[in-house]
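Colleague: Sharing a structure below in structure tokens format, with a few things to ask.
The values are calculated or read from the model by the stated rules, or taken from the named source; none is laboratory data. Only a predicted model underlies this, so the values are computations on that prediction, with no experimental measurement involved. Cβ coordinates were reconstructed from backbone atoms using ideal geometry, including for glycine residues, and neighbour counts include every protein chain displayed. With ligands, DNA and RNA removed, areas are computed over all heavy atoms of the protein, side chains included. Shrake-Rupley method; radii C 1.70, N 1.55, O 1.52, S 1.80 Å.
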Amino acid sequence: MHLTNDKHPMYLHWLPAWQDCRNAFDGQRAIKAAGVRYLPALSGQTNDEYLAYKNRALFFSITSKTVSALVGMALQRPPILTAPPEMNSYGIDRNGAQLTELTSSSLSEVLLTGRYGLMVDMPQSGGKPYLARYTAENIVDWVVDREGHPSKIVLQESVIEDYKTVLQYRCLYLEGGVYYVAMYNEKMEMIGTPVAPKIADQPMDFIPFVLMNPVGIDWDILKPPMLDIVDINLSHYRTSADLEHGRHFTGLPTPVVSGVDGSTVLKIGSQTAWVLPPSDAKAYYLEFTGTGLKSLEAALQEKQSQLASLSARLMDNSHKGSEAADAVRLRFMSETASLLMVVLSVEDGLSRAHQIIATVLGEDPKEVSVKVNREFLSSKLSAAEVVALTKVYLEGGMSVETYVYNLRRGDMLPHNMTDEDVLKQLPKRVDPTKPDPKSDPQPKE
């Protein structure tokens, strides 16, 4: 397999947007390190003036807060891996991270850049297969057939050599219906020879790579869910720079003195007296007046409101105190609708990746699935609701199945406790048709 340094056209088209999303997520230091990419210099500014102009600006990290909030909503309950006993260890990957962390990184990446890949890799030295993760920026080229199945994938990787970070490329490809893996250095020179991974001593006929986007397992590149927030976040940063620049030069009054030449040294303070010989000499402060900065302040507030409406109102504190459940659900409707699509995509992607692992291990992939929480808004029962629910159950007005279902839905049961365990601990219900065994009726005389 001959490999060139060519990148997929759609990769080149979307790479700047992915980098913007990544830098916005990383926060102020990453944004300011990019310099004029996000904050163009003003006309005539020197390097020192631009540095001061940039340092005065504030980048508000709403992008990372939004991603964290949405992922937190989806992970209020841990994901569940259903698999044969042989795969019990896959709740933990080879780096010791729990399935929850894998789900978290998958959700974060799909929300942020709209793309995340998982490769099922098999160590040449033996051992169980494991999942290797690839961000959108590291999936540089691909070829898919008419059915959407990949026949070639080029992945960019970073390795440390002699205390320096260098790039290498992993090429996954099908040749003659057999899956091969070949490694290349930065000069696109092959490292070693291609390897053909096997399952039960038989060559694989597919590439074990799963790619997730915001709507499913697909190789199409879609607009990152966070891109609109990132664009406003960057615009907010530029407005902040202009506002702070204006405040810097207009915030302090400037003394103005007439009747003396420029070489005269004048000190300001109550212990200093100024003698101005001309009778018409004047001394006063030049202070900023007018509404010049009001437009910038209004623009900043407007962009904050736009960010609030797009990012679960994290920047808007106009709604304080308690809200009715219906009001909360309506307020989060757009965010949860988008989040649900991403959750379903990640759920499918994680299930598919673990099904490939099952195939490699000789297990039945149909027995493998990953379930991610879809109840994004907390529905935890209050103490009063639990008391009322229990009273109805004990009095026979509710079946035991309905009672346990409501406790489970109301987040009142431990996640590791099965319904059978709950049933064993439930108190006995009172049968109104039978006398209370605790009562002690008096014998008749």
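Colleague: Against the conditions (1) in contact with a helix residue (DSSP H, G or I) (Cβ under 8 Å, 6 or more places away or on another chain); (2) under 28 Å from Val230 (Cα atoms); (3) modelled with pLDDT of 90 or more; (4) surrounded by fewer than 18 Cβ atoms within 10 Å (Cβ to Cβ), where does Leu58 fall short? Just the number, please.
Modeller: Only one criterion in (1) in contact with a helix residue (DSSP H, G or I) (Cβ under 8 Å, 6 or more places away or on another chain); (2) under 28 Å from Val230 (Cα atoms); (3) modelled with pLDDT of 90 or more; (4) surrounded by fewer than 18 Cβ atoms within 10 Å (Cβ to Cβ) is unmet by Leu58, namely (3).
Colleague: Please go through the stretch 205-231 and pick out each residue that is open to solvent by 30 Å² or more (accessible area, probe 1.4 Å) and in a helix (DSSP H, G or I).
Modeller: Of everything in the stretch 205-231, those that are open to solvent by 30 Å² or more (accessible area, probe 1.4 Å) and in a helix (DSSP H, G or I) turn out to be Asp228, Asp231.
Colleague: Within the stretch 98-124, track down each residue that is open to solvent by less than 20 Å² (accessible area, probe 1.4 Å) and among the hydrophobic types (A, V, I, L, M, F, W, C).
Modeller: Answer for the stretch 98-124, where residues must be open to solvent by less than 20 Å² (accessible area, probe 1.4 Å) and among the hydrophobic types (A, V, I, L, M, F, W, C): Leu99, Leu102, Leu107, Val110, Leu111, Leu112, Leu118, Met119, Val120.
Colleague: Same structure, new question: Scan the stretch 1-16 and report the pairs whose first residue is within 17 Å of Arg37 (Cα to Cα) and whose second residue is acidic (Asp, Glu), with Cβ atoms within less than 9 Å and a gap of 6+ or a chain change.
Modeller: From residues that are within 17 Å of Arg37 (Cα to Cα), the pairs are Leu15/Glu137.
Colleague: Right, here's the next one. Say we look at the stretch 382-411 and pick out the residues that are in a helix (DSSP H, G or I), without any contact (Cβ under 8 Å) to a residue 12 or more places away in the chain and of a type in the set (A, V, I, L, M, F, W, C); which of these is most open to solvent (accessible area, probe 1.4 Å)?
Modeller: Looking at residues that are in a helix (DSSP H, G or I), without any contact (Cβ under 8 Å) to a residue 12 or more places away in the chain and of a type in the set (A, V, I, L, M, F, W, C), I get Val387.
Colleague: Take the conditions open to solvent by less than 40 Å² (accessible area, probe 1.4 Å) and of a type in the set (Phe, Trp, Tyr) and apply them to Tyr163. Does it pass?
Modeller: So Tyr163 fails the test.
Colleague: Can we say Arg374 is part of a loop (DSSP other than H, G, I, E, B), open to solvent by 60 Å² or more (accessible area, probe 1.4 Å), at pLDDT 80 or above and of a type in the set (D, E, K, R)?
Modeller: So Arg374 passes the test.
Colleague: Answer yes or no as to whether Leu81 is assigned to a strand (DSSP E or B) and touching a Leu at 6+ places or on another chain (Cβ under 7 Å).
Modeller: When the stated conditions are applied, Leu81 passes them.
Colleague: Continuing with this model, one more query. Which pairs do you get when a residue that is surrounded by fewer than 11 Cβ atoms within 10 Å (Cβ to Cβ) and assigned to a strand (DSSP E or B), found in the stretch 193-204, comes within reach of a residue that is at pLDDT 90 or above and of a type in the set (Gly, Ala, Ser), reach meaning Cβ atoms under 9 angstrom, with the pair 6+ apart or on two chains?
Modeller: Here the result reads Thr193/Ala182, each pair linking the stretch 193-204 to a residue that is at pLDDT 90 or above and of a type in the set (Gly, Ala, Ser).
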